[in-house]
Amino acid sequence: MEIETRAIRGGDSVDPATGAVSSPIHLSTTFERAPDGSYPQGYIYSRTDNPNRAALEECLRDMEGGESAAAFSSGMAGITAVFQALSAGDHVVAPRDVYHGTARVLRGVMSRWNLDATFVDMTDLDLLRKAMRPSTRMVFVETPSNPLLKITDIAAVAQIAHEQGALCVCDNTRATPVLQRPLDLGADIVAHSSTKYLGGHGDVTGGVVVAAQSDGLFPNVRQVQQDAGSVPSPFDCWLLLRSIRTLPYRMRAHCENAAKVAAFLASHPKVLEVFYPGLPGQPGHEVARSQMAMFGGMLSVRISGGRDGAFGVASRTRLLTRATSLGSCESLIEHRASIEGSASETPDDLLRVSVGLENADDLVADLGQALEV
Ligand SMILES: *Cc1c(COP(=O)(O)O)cnc(C)c1O
């Protein structure tokens with residue numbers, strides 16, 4: 001079945017107790033045993049499992065084309081569980097411009113547990129090959145990257161990882177399974193911050209990990225989820241599944257709007273550079289075209305006049321909201337260097353835009369007036 005049908009029907013079931021078509025939210029923390037002590041419905045205790053979480057996991061498992069999925073209380077809880085599934089002394093290769101929270105967990109948390117990490121520009125496959133060691137167990141990919149929207153060839157990275165006996169994990173937050181299905185391209189595990197496009201309305205924090213195979217590393221991920229307990233609430237699972245129903249249609253609109261905004265910005269005299277993989281001539285354009293269905297809803301732009309020029313534009317937008325995060329209905333604009341802190345390599349004149357679902361003409365008009373001084 002196609003992705004729209006999977007999004008609508010995945011994890012779908014009419015409530016057997018009431019006939020409710022929209023599933024109820026199961027807040028109960030515990031579930032009754034049969035007289036013989038068994039659990040006929042399969043649920044025991046809500047840290048271990050919950051019907052709303054099971055439905056969410058089933059939908060995302062199906063949309064990503066994997067065998068198993070585990071939902072978490074945040075994207076970082078899921079990504080951290082993937083690292084915690086490894087062993088002390090294992091080595092991970094990750095992109096230099098990986099999501100800053102992922103870098104912080106590798107450098108700050110997992111290093112204390114003797115998990116070793118090397119950061120490389122993963123768009124350069126030779127650098128990746130050189131970073132591989134006999135102890136490398138995992139190559140972590142994130143594409144499109146943040147905030148420069150660099151594109152990494154997932155199939156090529158997965159092949160390099162597999163040649164060395166390592167797993168390929170892909171953070172698919174910015175593409176979603178609507179635009180890109182890393183497991184089909186050879187990745188072993190997909191991770192998401194469902195706080196972004198999957199939630200899509202800026203009102204729920206969550207994460208999910210989907211594995212191509214139920215064996216291998218996935219049982220360790222499930223163990224961290226259930227035993228360490230970084231699980232989403234039933235209401236958050238319900239909200240997420242409700243949002244995922246419309247994900248394919250929202251993603252299409254995000255992409256169409258982003259393409260229009262990118263084209264406008266690329267032609268504006270105050271704009272030095274636009275980073276959007278959908279623009280022909282961008283370094284990742286051809287790979288993006290081959291591994292993505294559309295080019296995504298994120299773009300970045302360098303404004304003339306340095307930091308002050310960029311800050312000025314962000315201060316004058318009326319429709320675009322100055323806020324971090326991405327993937328929500330409303331368009332967000334952000335000066336990235338200031339949120340990434342002193343270690344940031346992001347240019348000081350760069351603004352990142354999460355293009356929302358307003359009418360693209362209104363977004364272009366707003367950016368147009370913000371760029372005029
Ligand atoms: C936001 C984000 C995360 C972290 O997710 P949280 O839900 O904030 O914990 C991880 N990866 C990417 C690409 C993100 O954008």
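The values are calculated or read from the model by the stated rules, or taken from the named source; none is laboratory data. This is a predicted model, so every value here is computed, not measured. All Cβ positions, even for glycine, are placed from backbone atoms using ideal geometry, and neighbour counts span all protein chains on display. Just the protein is used for accessible areas: all its heavy atoms, side chains included, with ligands, DNA and RNA removed. Shrake-Rupley method; radii C 1.70, N 1.55, O 1.52, S 1.80 Å.
General remarks:
- Looking only at region 123-147, and only at residues there that are part of a strand (DSSP E or B) and of a type in the set (Val, Ile, Thr), the one that is surrounded by the fewest Cβ atoms within 10 Å (Cβ to Cβ): 136
- The numbered conditions (1) within 12 Å of the ligand (Cβ to nearest atom); (2) open to solvent by less than 20 Å² (accessible area, probe 1.4 Å); (3) over 24 Å from residue 278 (Cβ atoms) are all true for residue 205 except (2).
- Qualifying residue in region 89-108 (condition: modelled with pLDDT of 95 or more, under 16 Å from residue 223 (Cα atoms) and away from the ligand (no atom under 16 Å from the Cβ)): no
- Looking across region 182-202 at every residue that is away from the ligand (no atom under 16 Å from the Cβ) and assigned to a loop (DSSP other than H, G, I, E, B), the one that is nearest to the chain's Cα centre (by Cα) is identified as 188.
- Residue 119 surrounded by fewer than 23 Cβ atoms within 10 Å (Cβ to Cβ), within 16 Å of the ligand (Cβ to nearest atom) and assigned by TED's automatic domain parsing to the domain that holds residue 180: yes
- Residue 61 vs. criteria open to solvent by 50 Å² or more (accessible area, probe 1.4 Å) and under 17 Å from residue 199 (Cα atoms): yes
- So residue 323, is it modelled with pLDDT of 95 or more and under 21 Å from the mean Cα position of the chain (by Cα): yes
- Of all positions in region 162-181, at least one carries a residue that is over 22 Å from residue 96 (Cα atoms), within 14 Å of the chain's Cα centre (by Cα) and not in a helix (DSSP H, G or I).
- Within region 40-51, being of a type outside the set (Asp, Glu) and modelled with pLDDT of 95 or more holds for 43, 44, 45, 46, 47, 48, 50, 51.
- For region 223-237, the set of residues classified as out of contact with any Phe, Trp or Tyr (no Cβ under 8 Å at 6 or more places or on another chain), closer than 18 Å to residue 44 by Cβ and open to solvent by 30 Å² or more (accessible area, probe 1.4 Å) consists of 223, 226, 227, 228, 233, listed by residue number.
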